[in-house]
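What follows is a set of notes on a single structure, which appears directly below.
Every number in this text was worked out from the coordinates using simple rules, so none of it is lab data. Predicted model only: the values in this text are computed from it and were never measured. No Cβ is skipped: glycine too gets one built from the backbone with ideal geometry, and neighbour counts run over all protein chains shown.
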Amino acid sequence: MNPSAPGWILKHKPRITNWLDETSPEPEDFYTQLLKTGFIYGVSVSTCIYKNHEPLKWDETERAKINLFDALYYTYYNKKGDSVQFFKEVVDFYTRLNNSDRSYFAGFTKIKPSAAGLEKIIQSRLQTNEALLERNFSNLITNALLFLDVVAFEWYLDHKDDDVIAYAAQFETLLMQLVWMALNQKQQKEHFDKLLLKLFEKSLRYNSNLDKSLTALTSLDLSAQNTLFARRYMLDLAALAVWDDHKIDLNELQYLKELGILLHFDTEVTLNATLGVQQFIMSNKGQISYLNYSNPVKHFYNQTSKTVRTLIIRNKKRLLVELSESKDLVILLSYSTVRDLTKAEKKRVKSQLLDICKSVPSLAIFMLPGGGVLLPLLIKFIPELLPSAFNENRPEDNES
């Protein structure tokens, strides 16, 4: 079974169905097994079913495909007791997410409710074109938010008449707020930690900004996230965020303990989440290239900058055409070189940039959940495309 070839879902589906029938895992058991694969952390080093007995030597992206499918399938199977309408429901779910000006992610339209249709969605969701995406970036941003799909799908199955896009947007905002607050717990912030915080500050894609005034977890409304999957995901993503520099100080540990209490977890669950990140990273360090640097945050920032620059260079002509048709955006970018933009102006810049990204297929990455982290970098590099007269007023950038 090859996850990169058409027809892989129909070959794999009987395996997971038999596995679920034989083991009947409770949600907590399934989540724990999925966590051990690295899928929740954005780096799939194995799968729940095949573990170390893969039919082929799959790469990380192929394992992520299987893990995403398994999580979606388990969510439906556990709730309904069968898989009769699974493909119809999951394709309808993704279609609703994409049926908006605020598209959840780009890359598919009018998909049939079938295994082949879901394969196309998963392919689009992971954005596996390595010519355009560096693997490190794909793992850290795109794949780290894949489980958001599963949480939103679980919510959709219980609230079909409600706005699933609004729920996904709210949950994404909450996740990013928790990650930002976790990163902000560091007692000593290095130069690149501060840059990363600035990126997260502007990362949300639904015209919402991180609220820098929120310093206490009690100020966040976590009540709507009452499922096990949602609560565990928030805790584990926060634990991953504080572990980015290979250590956890007292402030960060206290942050995780308080978050665990607010999410109604026993202290043991919170400690296991903290230790789980450490154990996973130490056990799989050789397979996670991002961690093989003395300063992973610096590597992250440099890698993302390189990725954005590459995308812009490869799409230079198309971008210039789109920018020439958006004079308002060029004017705002010009203003940004000499003064800070207002909140309304920043909102217009973000909206118009995302419109441009929609029209250039190679820039679909900016439409993905978490792709908003790149928008400040996109804004940083676009002026290089414009005439030299535009750049005369551009201040020197000492943060790259």
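Table for the structure above
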read-out	value
Distance between modelled label sites at residue 215 and residue 2, nm, 7 Å Cα→Cβ extension	5.7 nm
Sorted peptide list for 317-326, 248-257, criterion being average Cβ within 10 angstrom, highest first	248-257, 317-326
Full-stretch length increase - residue 166, residue 334 - with 0.36 nm per residue and alpha-carbon distance subtracted	57.2 nm
